[in-house]
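Comments concern the structure below.
The values are calculated or read from the model by the stated rules, or taken from the named source; none is laboratory data. All of these numbers come straight from a predicted model, not from anything done at the bench. Please note: Cβ atoms are built from the backbone with ideal geometry, for glycine as well, and neighbour counts cover all protein chains shown. Keep in mind that these areas ignore ligands, DNA and RNA; they rest on the heavy atoms of the full protein, side chains included. Shrake-Rupley method; radii C 1.70, N 1.55, O 1.52, S 1.80 Å.
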Amino acid sequence: MLKVRGLRKIYGNYHALDGLDMDIEDGALYGFVGPNGAGKTTTIKIISGLLLPDQGSVEIDGVDALAHPVGLKEKIGYVPDYFGVYDNLKVSEYMDFFAACYGMEGLKARRRSQMLLDQVGLGDKEDFFVDGLSRGMKQRLCLARALLHDPVLLVMDEPSAGLDPRTRLEFRETLRELNAQGMTILLSSHLLTDLAELCTDVGIVDAGKMLLAGSMEEITEKIHVSKPIIISIYKNMPAAMALLKEHPLVRSISVKNQEIMVQFVGSERQESGLLTELIQVGVQIRGFVREPGNLEAVFMQLTNHEEERVMLSYEHDQESGL
Amino acid sequence: MNMIKNPVYKREMRVSARSFRLALVLLVFNGILALVALLNMYSMLAQIRVTAEIQYSSFLDLYLFMAVLEFVMLVFIMPAITAGSISGERERQTLDLMLSTKMAPIQIILGKLAASLSTMVLLIISSFPILALVFVYGGVTIKDIVMLLACYGAAALFVGSLGVCCSALFRKSTLSTVVAYGIMGGVVIGTYGINQLALFFNRMPGGGYFTAASAGTGDGSSGGFLYLLLMNPTVTFVMTMLRLSGREAASGNITQWFGNHGENFVSQNWVGCSVVIQIVMAVILIRVAVWAVRPGKKAW
């Protein structure tokens, strides 16, 4: 559906995008994740035809989007990270206006608009003024607007920003429904929890580059080190801590009661070696298990620019002499 | 291009018709005109009561006075209406939404400009009953009114395009309005000032070098700078009014304004040439505005 290759965009000396690649399959719900300033909005604006790249190519549904901008606009529905509403305009008039912008008029436009408003739950708000709607309603209206011309790809830039948890859940459900109907969706967010439960595919971007991309399962499997080992100690906690603190493959340690959570960057063989070493120094162990991977951990791992060893609560307590 | 089908034009007309601002502008605009017209008539009638002499030229003066007042208000209101047109969309964050649709930048610009011009046309038409007061006494023909409207139209198109252009170039409506008024002031006062300055220098001893065209003409003139006044809608308006009032001969041809200039095609058809120049400038300004709102272009 979407193929982006070698996208570069430079503002002065700042490289907003530095050779970004992206592939989205038909029917995917693609989560585009990255910290603030990673290049998400710039990428989305280029894909939506609102910004020209300095270098690179964008292909949507087999069409070269940069060479045929009008063709691109027929295929894309764009929802920005703001609402973009007019004063003194009713919901139905707002929809009529944007339908006319896509060349749709008359009964066809009116029916399509009513159908979409019903779909996003604003069917009974047609005669309300747009600027009087709540944030959640405005966001749903923006979604309905973006779907007016029946695009093949829906591009959304941080759509959940500023919404309360309930509205966010409802919005997420609407997106799931659209995706289930076959709509390909590109969704950017820095709220990883939003995407982890919603998306079928994920791309992690930082400093204008795609760091990691693939299906959700692939991603969580790929980063083995993101899964911490939870060691349940029966006896001899100090010996376990002494060993773990000096171990070269341990990146961080946190302790809760008799459980130690260890960020261990070794292979499965090295993992079993760690267990052996712990037993050899006299630590009695009740449990030794890797926690299932999650997107949050992957994201933190990838976007952490320094390979630093993190000292957590237990070590703080030790150093303060508690 | 069918403006009635332009979505931006349709939306602007709907929103402005619904807003309180338009009603207020109409009230203030016509209120000032009506007040001036009625005061003027009252003063004339008072004079007639005292002197028992009817000066019919006073009714023409009333017409001229109201036409001038209307022109000044048009030139002042038009930038205020248009200078926030595109920057306002940016501030509301709706420009990108429009650009993400199949709408071309030229449609957006023309829709905005046409909506502003429609507001101006509404203002002018709404003032007709007040202007028509002079018909009570006669002296002004329909042709005179049409000429005046043509002059208003050219000025409104030029000033409106300038406002839309500034609005497309600048991100903030406040800055755009200030720049639009600044440029308008430059065109109206600046072109006149340059001619005065050129005339002043050329009348100084040995100053003929300032404008080669006036060298050796004896008393000097502003030379080629005179043609800068073609851009000036105020000069076009003044020339039109002089012609309408039959005072063209008394006040002198444009060639006599800043020293003696030779007669040529432009000076003989000053109003027509000036209207054409203003329309050409409006087209250039519209093209600049279209360039400024194309996707990826950052506003200042």
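Of the residues making up the range A:146-154, one or more are part of a helix (DSSP H, G or I) and out of contact with any Cys (no Cβ under 6 Å at 6 or more places or on another chain). Within the range B:18-54, the set of residues being within 14 Å of another protein chain (Cβ to nearest Cβ) and open to solvent by 80 Å² or more (accessible area, probe 1.4 Å) comprises B:ARG18, B:PHE20, B:ARG21. With the structure loaded, tell me whether A:ALA180 is surrounded by fewer than 20 Cβ atoms within 10 Å (Cβ to Cβ) and within 14 Å of another protein chain (Cβ to nearest Cβ) or whether it fails that test. No. Filtering the range A:87-114 to residues that are in contact (Cβ under 8 Å) with a residue 40 or more places away in the chain, within 11 Å of chain B (Cβ to nearest Cβ) and in contact with a helix residue (DSSP H, G or I) (Cβ under 6 Å, 6 or more places away or on another chain) leaves A:ASP87, A:ASN88, A:LEU89, A:TYR94, A:PHE98, A:ALA99. In the range A:65-81 there is at least one residue that is facing chain B (nearest Cβ under 9 Å), farther than 24 Å from B:LYS10 by Cα and either without any contact (Cβ under 8 Å) to a residue 60 or more places away in the chain or touching a Cys at 6+ places or on another chain (Cβ under 6 Å) (or both). Each residue in the range A:123-133 was checked for being open to solvent by less than 60 Å² (accessible area, probe 1.4 Å) and either assigned to a helix (DSSP H, G or I) or out of contact with any helix residue (DSSP H, G or I) (no Cβ under 6 Å at 6 or more places or on another chain) (or both), and 4 of them qualify. From the list B:ARG287, B:ARG243, B:ARG247, B:ARG294, the one residue that fits, being modelled with pLDDT of 85 or more and open to solvent by 70 Å² or more (accessible area, probe 1.4 Å), is B:ARG287.
So which of A:GLY132, A:GLY121 ends up being under 24 Å from B:GLU12 (Cβ atoms) and either out of contact with any Cys (no Cβ under 9 Å at 6 or more places or on another chain) or without any contact (Cβ under 8 Å) to a residue 40 or more places away in the chain (or both)? Please lay out each step first, then the result.
Values: A:GLY121 fails: under 24 Å from B:GLU12 (Cβ atoms).
Sole residue among the options that is under 24 Å from B:GLU12 (Cβ atoms) and either out of contact with any Cys (no Cβ under 9 Å at 6 or more places or on another chain) or without any contact (Cβ under 8 Å) to a residue 40 or more places away in the chain (or both): A:GLY132.
Scanning the range A:32-42 for residues that are open to solvent by 30 Å² or more (accessible area, probe 1.4 Å) and touching a strand residue (DSSP E or B) at 6+ places or on another chain (Cβ under 6 Å) gives a single hit, A:THR41. Among what's in the range A:115-157 and is among the small types (Gly, Ala, Ser) and touching a Leu at 6+ places or on another chain (Cβ under 7 Å), pick the residue that is nearest to the other protein chains (Cβ to nearest Cβ). Across the range A:115-157, the extreme among qualifying residues is A:ALA146.
Does A:ASN13 meet the test of being open to solvent by 50 Å² or more (accessible area, probe 1.4 Å), more than 14 Å from every other protein chain (Cβ to nearest Cβ), in contact with a His (Cβ under 7 Å, 6 or more places away or on another chain) and not hydroxyl-bearing (Ser, Thr, Tyr)?
Values: open to solvent by 50 Å² or more (accessible area, probe 1.4 Å): yes; more than 14 Å from every other protein chain (Cβ to nearest Cβ): yes; in contact with a His (Cβ under 7 Å, 6 or more places away or on another chain): no; not hydroxyl-bearing (Ser, Thr, Tyr): yes.
No; evaluated as a whole, the condition is false for this residue.
Yes or no: B:LEU230 surrounded by 14 or more Cβ atoms within 10 Å (Cβ to Cβ), at pLDDT 70 or above and closer than 21 Å to B:MET281 by Cβ? Yes, satisfied. Note on the range A:149-168: residues that are in contact (Cβ under 8 Å) with a residue 60 or more places away in the chain and either over 22 Å from the mean Cα position of the chain (by Cα) or not assigned by TED's automatic domain parsing to the domain that holds A:GLY71 (or both) total 1.
Per the conditions (1) more than 26 Å from the chain's Cα centre (by Cα); (2) more than 14 Å from chain A (Cβ to nearest Cβ); (3) in contact (Cβ under 8 Å) with a residue 40 or more places away in the chain, the sole criterion not satisfied by B:ALA67 is (1).
I'm checking my understanding of the structure. Among residues of the range A:85-126 that are among the charged types (D, E, K, R) and in contact with a Ser or Thr (Cβ under 7 Å, 6 or more places away or on another chain), which one is modelled with the highest pLDDT? Give the steps one after another, and end with the answer.
Step one: filter the range A:85-126 for residues among the charged types (D, E, K, R), giving A:87, A:90, A:93, A:96, A:105, A:108, A:110-112, A:118, A:124-126.
Right, trim to in contact with a Ser or Thr (Cβ under 7 Å, 6 or more places away or on another chain) and you get A:96, A:126.
On the way: A:ASP96: 91, A:GLU126: 85.
Once the filter is applied, the top-ranked residue is A:ASP96.
Taking the range A:30-42 as the range and being among the small types (Gly, Ala, Ser) and assigned to a loop (DSSP other than H, G, I, E, B) as the test, the residues that pass are A:GLY34, A:GLY37, A:ALA38, A:GLY39. Does A:ASP26 meet the test of being at pLDDT below 90, surrounded by 18 or more Cβ atoms within 10 Å (Cβ to Cβ) and not β-branched (Val, Ile, Thr)? In short, no.
Say whether the condition of being hydroxyl-bearing (Ser, Thr, Tyr) and either surrounded by fewer than 20 Cβ atoms within 10 Å (Cβ to Cβ) or closer than 25 Å to B:LYS298 by Cβ (or both) is met by at least one residue in the range B:132-149. Taking every residue of the range B:132-149 in turn, at least one turns out to be hydroxyl-bearing (Ser, Thr, Tyr) and either surrounded by fewer than 20 Cβ atoms within 10 Å (Cβ to Cβ) or closer than 25 Å to B:LYS298 by Cβ (or both).
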